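Q: Would you mind keeping the following structure in view while I ask a few things?
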Amino acid sequence: MDKICKKCAADPLSHSYKKVAEKNGISIYYTQPSTAKLYNDMDGIIEHVDRMMSVNGSKKWTCIFNGEGFEMKHALEFTAGVRLIELLGIKYGETLHEMKIINTTWYLSWALKIVQNTLNPDIIKKIKILDDRRYSVLEFI
């Protein structure tokens with residue numbers, strides 16, 4: 001499976017999910033949904049993330065989820081969020097080291113509360129919401 005989805009090959013800003021580093025044998029992925037031009041492209045986002053994660057294989061991974069700019073229009077894409085969490089949690093959950101959620105907005109906090117009820121308890125333990133201050137992805141790579 002080619003790691004670049006067709007839409008991102010045409011426009012790299014179509015989706016927001018990319019590998020940004022490797023640290024201590026753990027792959028670090030980063031996403032900021034508010035920067036994706038096609039934030040409501042449910043099937044395309046799932047395909048994009050699946051392609052990226054398939055390249056990672058059985059290696060441990062961490063995801064940095066940057067909520068900066070996350071608005072109501074993003075929160076309303078609830079089905080995409082659930083499908084994405086199912087993909088990451090079920091298909092790639094065995095190798096998930098942790099997920100760090102930074103720079104939350106009110107809308108993101110609301111969406112997380114709803115989605116949290118659908119998650120496996122083992123996955124919930126790996127999610128860290130860092131809401132004590134503003135963070136930069138550079139702090140984690």
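Q: Under the classification rounded if a/c is under 1.5, otherwise prolate if a/b is larger than b/c and oblate if not, where does the chain fall, given a ≥ b ≥ c as square roots of the Cα gyration tensor eigenvalues?
A: On the way: a/c = 1.26, a/b = 1.07, b/c = 1.19.
It is rounded, given that a/c, with a ≥ b ≥ c, falls under 1.5.
Q: Can you give the extra length, in nm with one decimal, that the chain gains between Phe78 and Lys59 once fully stretched, where that is 0.36 nm per residue apart less the Cα-Cα distance?
A: 4.0 nm
Q: Using the structure shown, select from Lys59/Lys100; Lys37/Lys113; Lys23/Lys100; Lys23/Lys113; Lys37/Lys73 the pairs with a Cα to Cα distance greater than 20 angstrom.
A: Lys37/Lys113; Lys23/Lys113
Q: Report the extension gain between Gln116 and Ile4 in nm, rounded to one decimal, defined as 0.36 nm multiplied by the number of residues separating them, less their alpha carbon distance.
A: Working it through step by step, the gained length comes to 37.4 nm.
Q: Looking at the chain, what % of its DSSP beta bridges pair antiparallel, to the nearest 5? Provide the component values of the computation, followed by the final result.
A: Working: 5 of 20 bridges.
Counting only bridges with both partners in the chain, antiparallel ones make up about 25 percent.
The numbers here are math on the coordinates, done by the rules we state, and not lab data. This is a predicted model, so every value here is computed, not measured.
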